[in-house]
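Single-structure report; data block below.
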Amino acid sequence: MGTTSGTPNDVVVRPQGEAETLPAAVSQVQLNDGFWADRVARIAKKTIPKIDRMNEESGRCDNFRIVAGKKTGKISGLYFNDSDIYKWLECAAWSLVHFPNADLEARIDEVTELLAAAQLDDGYLNTFYQGQNIEERWTRFRHHEMYCAGHLIQAAIAYHRTRGKRRLLDIAIRFADHICEVFAEDRNRGVDTHPEVEMALVELYRETGERRYLDQAIYFVDARGRHDLDIIEGPAFDQEYHQNRVPFRKLERMEGHVVRMLYLTCGAADVCTEDADQGLAAVLQALWDNMSHGHLYVTGGLGSRRETEGFGRDYVLPNRDAYAETCAAVASIMWNWRMLLLETDRKYADLIELTLYNGMLSGVSVDGERFFYENPLASDGGHQRQDWFECACCPSNIARTLASLPGYFYSTSTDAVFVHLYDNNEAALVLGNGANVELQVETNYPWAGRIDITIASTGTFGVCLRIPEWADNAWQAAVNGTDVASHDLQRGYLRIERSWASGDRITLDLALPVRKLRAHPLVQENAGRLALMCGPIVYCVEAIDNDAEAESLYVDTAAPVVKRPQPGIDGAVVIETSGWAVQPHVSWDDTLYQDHTAGTTGTRGEEQRITAIPYYVWANREPCSMSVWVHHYSER
């Protein structure tokens with residue numbers, strides 16, 4: 001049940017119970033030159049140093065020095081700022097797997113010793129309370145004490161698995177033991193208003209084999225809806241906002257604050273995996289269905305209510321006012337990954353892929369040093385990435401996700417490898433029966449649909465390839481040049497099983513036509529509009545490419561579509577087609593409404609080329625308007 005020997009074993013999430021497959025370790029997958037390798041490298045070289053620098057400049061590190069007695073002064077910042085240190089530690093630990101850096105490792109050890117000096121004798125560690133009024137700890141659950149503790153635990157596990165060091169893990173265990181003791185003694189205290197500790201405690205159970213951590217996580221999942229929480233003042237921030245309206249097992253829809261809800265589903269999925277809880281599994285599936293059918297932006301983003309960072313009503317998905325927080329995209333990836341391990345169904349992997357390329361990746365600039373907190377689907381040009389935030393949860397969340405991304409590419413069963421994501425990589429995996437499987441992937445995905453997989457080991461086993469739902473029936477698979485006879489899919493995966501020889505090659509060809517999507521009729525804001533997608537990439541239009549405001553553009557749905565590389569935009573492939581821009585009629589200058597017989601609504605411009613770029617690279621040039629959903633018409 002995990003490793004306590006000090007031997008690195010860097011698995012992202014390593015369930016031991018009812019998981020259908022087990023994930024690859026980060027160290028088992030080496031990303032080679034390609035789409036994700038380039039971006040993961042930026043995280044190591046640019047983003048991780050940037051976050052560390054900003055943690056120092058913003059006083060987050062000084063808070064620990066102050067409570068440790070190493071510096072005088074008053075603590076500063078938000079009550080959950082400790083978590084930003086912990087998330088940085090986690091992403092730095094994952095990054096060391098493929099980007100060894102003695103200075104970075106020394107920095108992790110330095111910060112670890114700072115945490116050790118700040119921790120109280122009973123294991124408690126939280127600079128907000130230690131620096132102000134320690135007597136009030138565990139009395140105001142809106143202050144995210146357990147949320148911060150959860151991120152500390154996850155960071156410690158990552159460092160233990162990747163470098164085999166126990167110092168940070170011991171700090172986390174002492175804090176976890178303190179939590180278990182406090183809440184074992186008084187089960188009526190309540191739960192943290194921001195879920196996070198649940199999944200961290202399950203992972204600590206996996207790492208140490210101590211059942212008390214799993215039991216505590218089960219309690220925290222089931223305690224919701226049973227105690228009124230100490231909540232933020234105001235009618236918008238009610239018990240529903242904090243996932244506390246009803247017990248979790250009675251939930252029928254996604255509700256409240258998006259990130260908190262998704263973190264809670266992550267914890268519940270982990271509990272379900274370890275405790276074989278079929279009732280919990282049914283609740284999770286119902287919640288996933290509600291999320292994907294009524295709340296999901298075409299980019300994979302989640303969160304339509306800006307004022308509460310929350311879920312709104314089904315099908316209410318505003319574009320310019322979309323919240324779609326970067327952290328929500330990360331949380332969605334985390335939850336779908338856990339659901340995918342429970343049940344190997346491509347719908348979870350498809351959503352992971354969609355969110356990675358679009359809803360999450362848009363949150364970081366192409367230079368790796370500026371960030372989005374919110375990811376709207378339309379903008380007048382005023383929404384731009386920032387160097388940092390007072391509430392800086394998003395930068396480190398992006399970084400820890402991308403630093404650990406190799407671990408999301410594969411999972412294994414007793415006798416098969418499941419391939420979930422596609423990019424250039426080499427993998428050395430171990431099946432549940434102990435067999436070693438090595439393979440190499442060569443592709444120009446997502447810009448091209450051909451994927452070559454060379455088997456570099458021998459034996460009889462299955463290779464299960466995800467066929468994305470968007471590929472429909474427009475795909476072909478072959479082994480050593482001979483077409484695979486059966487196209488029967490098992491929950492979206494093509495299983496190719498045979499006695500493999502080293503050098504055998506699987507070729508998967510996925511057609512990548514440009515798709516013109518329309519929204520559900522109840523998504524009223526997108527009536528008469530379409531969104532462009534190619535493979536997993538969502539596109540948008542920016543004014544800078546089209547000599548017209550994004551909102552004024554119309555695309556001719558009958559016109560041919562051309563794809564071409566545009567190296568100046570991070571090496572992306574752009575889409576070109578035909579259309580025109582409308583100019584509002586002069587008669588509308590001083591009036592908001594007119595009789596429908598008063599005349600035309602605007603003047604159609606000359607036909608022009610319409611250029612669309614991948615959504616994830618918008619706002620990387622000069623500020624201008626942008627839109628994902630574009631008006632359309634047809635000359636045919």
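Hey, among the residues in region 52-69 that are of a type in the set (Gly, Ala, Ser) and within 29 Å of the chain's Cα centre (by Cα), which one's nearest to Ser396 (Cα to Cα)? By that ranking, first place goes to Ser58.
Whether any residue in region 231-239 is assigned to a helix (DSSP H, G or I) and touching an Asp or Glu at 6+ places or on another chain (Cβ under 7 Å) is what I want to check. Checked region 231-239: no residue is assigned to a helix (DSSP H, G or I) and touching an Asp or Glu at 6+ places or on another chain (Cβ under 7 Å). Taken across region 52-59, residues that are crowded, with 16+ Cβ neighbours inside 10 Å, touching a Ser or Thr at 6+ places or on another chain (Cβ under 9 Å), hydroxyl-bearing (Ser, Thr, Tyr) and modelled with pLDDT of 95 or more do occur, with at least one present.
Inside region 44-94, can you point out the residues that are assigned to a helix (DSSP H, G or I) and among the β-branched types (Val, Ile, Thr)?
Matches in region 44-94: Thr47, Ile48, Ile51, Ile66, Val67, Ile85.
Scanning region 280-297 for residues that are more than 16 Å from the chain's Cα centre (by Cα), without any contact (Cβ under 8 Å) to a residue 24 or more places away in the chain, over 30 Å from Met533 (Cα atoms) and in the same structural domain as Asn375 (by TED's automatic domain parsing) turns up at least one hit.
The rows are residues; the columns are (1) surrounded by fewer than 21 Cβ atoms within 10 Å (Cβ to Cβ); (2) outside any strand (DSSP E or B); (3) in contact with a His (Cβ under 6 Å, 6 or more places away or on another chain); (4) hydrophobic (A, V, I, L, M, F, W, C).
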{"position": "Leu512", "(1), (2), (3), (4)": "no, yes, no, yes"}
{"position": "Lys516", "(1), (2), (3), (4)": "yes, no, no, no"}
{"position": "Pro521", "(1), (2), (3), (4)": "yes, yes, no, no"}
{"position": "Val541", "(1), (2), (3), (4)": "no, no, no, yes"}
{"position": "Arg564", "(1), (2), (3), (4)": "yes, no, no, no"}
{"position": "Val573", "(1), (2), (3), (4)": "yes, no, no, yes"}
{"position": "Ser578", "(1), (2), (3), (4)": "yes, no, no, no"}
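Counting residues in region 471-480 that are outside any loop (DSSP other than H, G, I, E, B) and more than 31 Å from the chain's Cα centre (by Cα) gives one or more. Filter region 485-503 down to the residues that are over 22 Å from Val437 (Cα atoms) and exposed (fewer than 12 other Cβ atoms within 10 Å of the Cβ), then identify the one that is modelled with the highest pLDDT. Only one residue fits best here, namely Asp488. If you go through region 429-452 one residue at a time, do you hit one that is without any contact (Cβ under 8 Å) to a residue 12 or more places away in the chain, within 30 Å of Glu90 (Cα to Cα) and surrounded by fewer than 21 Cβ atoms within 10 Å (Cβ to Cβ)? Checked against the condition, which is being without any contact (Cβ under 8 Å) to a residue 12 or more places away in the chain, within 30 Å of Glu90 (Cα to Cα) and surrounded by fewer than 21 Cβ atoms within 10 Å (Cβ to Cβ), region 429-452 yields at least one hit. Only a single criterion out of (1) free of Cβ contacts under 8 Å to residues at least 60 places away in the same chain; (2) in contact with an Asp or Glu (Cβ under 9 Å, 6 or more places away or on another chain); (3) more than 17 Å from Phe389 (Cα to Cα); (4) among the small types (Gly, Ala, Ser) is not satisfied by Ala102, namely (2). Residues that are among the hydrophobic types (A, V, I, L, M, F, W, C), over 18 Å from Ala511 (Cβ atoms) and not in a strand (DSSP E or B) within region 411-463 comprise Leu421, Leu431, Ala435, Ala456, listed in sequence order.
Considering every residue within region 492-508, establish whether at least one is part of a loop (DSSP other than H, G, I, E, B) and within 19 Å of Asp350 (Cα to Cα). So far as region 492-508 goes, yes, one or more of its residues are part of a loop (DSSP other than H, G, I, E, B) and within 19 Å of Asp350 (Cα to Cα). Restricting region 523-539 to residues that are among the hydrophobic types (A, V, I, L, M, F, W, C) and part of a loop (DSSP other than H, G, I, E, B), which is farthest from Leu421 (Cα to Cα)? Checking each candidate, the answer is Ala527. Does region 145-153 contain at least one residue that is closer than 22 Å to Cys394 by Cα and of a type in the set (Phe, Trp, Tyr)? Yes: region 145-153 contains one or more residues that are closer than 22 Å to Cys394 by Cα and of a type in the set (Phe, Trp, Tyr).
Within the group Glu240, Glu252, which residue is out of contact with any helix residue (DSSP H, G or I) (no Cβ under 9 Å at 6 or more places or on another chain), of a type in the set (D, E, K, R) and either more than 27 Å from Leu114 (Cβ to Cβ) or not assigned by TED's automatic domain parsing to the domain that holds Ser292 (or both)? Only one candidate passes the filter, namely Glu240. Scanning region 41-51 for residues that are more than 30 Å from Ile75 (Cβ to Cβ) and surrounded by fewer than 21 Cβ atoms within 10 Å (Cβ to Cβ), we see that the one that is farthest from the chain's Cα centre (by Cα) is Lys45. Going residue by residue through region 73-83, is there one that turns out to be assigned by TED's automatic domain parsing to the domain that holds Met261, crowded, with 17+ Cβ neighbours inside 10 Å and among the small types (Gly, Ala, Ser)? Yes: region 73-83 contains one or more residues that are assigned by TED's automatic domain parsing to the domain that holds Met261, crowded, with 17+ Cβ neighbours inside 10 Å and among the small types (Gly, Ala, Ser).
When Asp275 is tested against (1) out of contact with any Lys or Arg (no Cβ under 7 Å at 6 or more places or on another chain); (2) at pLDDT 95 or above, just one condition goes unmet, and that condition is (2).
If you go through region 134-144 one residue at a time, do you hit one that is crowded, with 24+ Cβ neighbours inside 10 Å, out of contact with any Phe, Trp or Tyr (no Cβ under 6 Å at 6 or more places or on another chain) and not in a loop (DSSP other than H, G, I, E, B)?
Initially, region 134-144 is screened for residues crowded, with 24+ Cβ neighbours inside 10 Å, giving 144.
Then drop every residue that is not out of contact with any Phe, Trp or Tyr (no Cβ under 6 Å at 6 or more places or on another chain), which leaves none.
No, region 134-144 has no match at all.
Determine whether Thr401 is under 16 Å from the mean Cα position of the chain (by Cα), among the polar types (S, T, N, Q) and not assigned by TED's automatic domain parsing to the domain that holds Ile613. Yes; evaluated as a whole, the condition is true for this residue.
Scan region 304-327 and tell me whether some residue there is outside the structural domain of Glu525 (by TED's automatic domain parsing), basic (Lys, Arg) and surrounded by 19 or more Cβ atoms within 10 Å (Cβ to Cβ).
Pass one, region 304-327, residues outside the structural domain of Glu525 (by TED's automatic domain parsing): 304-327.
Then keep just the ones that are basic (Lys, Arg); that gives 305-306, 313, 320.
Going one step further and asking which of them are surrounded by 19 or more Cβ atoms within 10 Å (Cβ to Cβ), we end up with 305.
Scanning region 304-327 turns up at least one residue that is outside the structural domain of Glu525 (by TED's automatic domain parsing), basic (Lys, Arg) and surrounded by 19 or more Cβ atoms within 10 Å (Cβ to Cβ).
Residue-level analysis places Asp177 outside the set of residues that are over 30 Å from Arg245 (Cα atoms) and outside any loop (DSSP other than H, G, I, E, B). For Leu22, state whether it is crowded, with 19+ Cβ neighbours inside 10 Å, within 21 Å of Leu361 (Cα to Cα), modelled with pLDDT of 90 or more and not charged (D, E, K, R). No.
Of these, Asp186, Asp215, which one is over 22 Å from Gln130 (Cα atoms), without any contact (Cβ under 8 Å) to a residue 40 or more places away in the chain and acidic (Asp, Glu)? Reasoning before the result, please.
Working: Asp186 fails: over 22 Å from Gln130 (Cα atoms).
One residue alone meets the criteria, Asp215.
Within region 115-128, is there a residue that is in contact with a His (Cβ under 9 Å, 6 or more places away or on another chain), closer than 27 Å to Gly164 by Cβ and either in contact (Cβ under 8 Å) with a residue 60 or more places away in the chain or outside the structural domain of Lys45 (by TED's automatic domain parsing) (or both)? Scanning region 115-128, I find no residue that is in contact with a His (Cβ under 9 Å, 6 or more places away or on another chain), closer than 27 Å to Gly164 by Cβ and either in contact (Cβ under 8 Å) with a residue 60 or more places away in the chain or outside the structural domain of Lys45 (by TED's automatic domain parsing) (or both), so the answer is no.
The values are calculated or read from the model by the stated rules, or taken from the named source; none is laboratory data. All values reported here derive from a predicted model rather than from experimental measurement. Quick reminder, even Gly has a Cβ in these numbers, built from the backbone with ideal geometry, and neighbours come from all protein chains shown.
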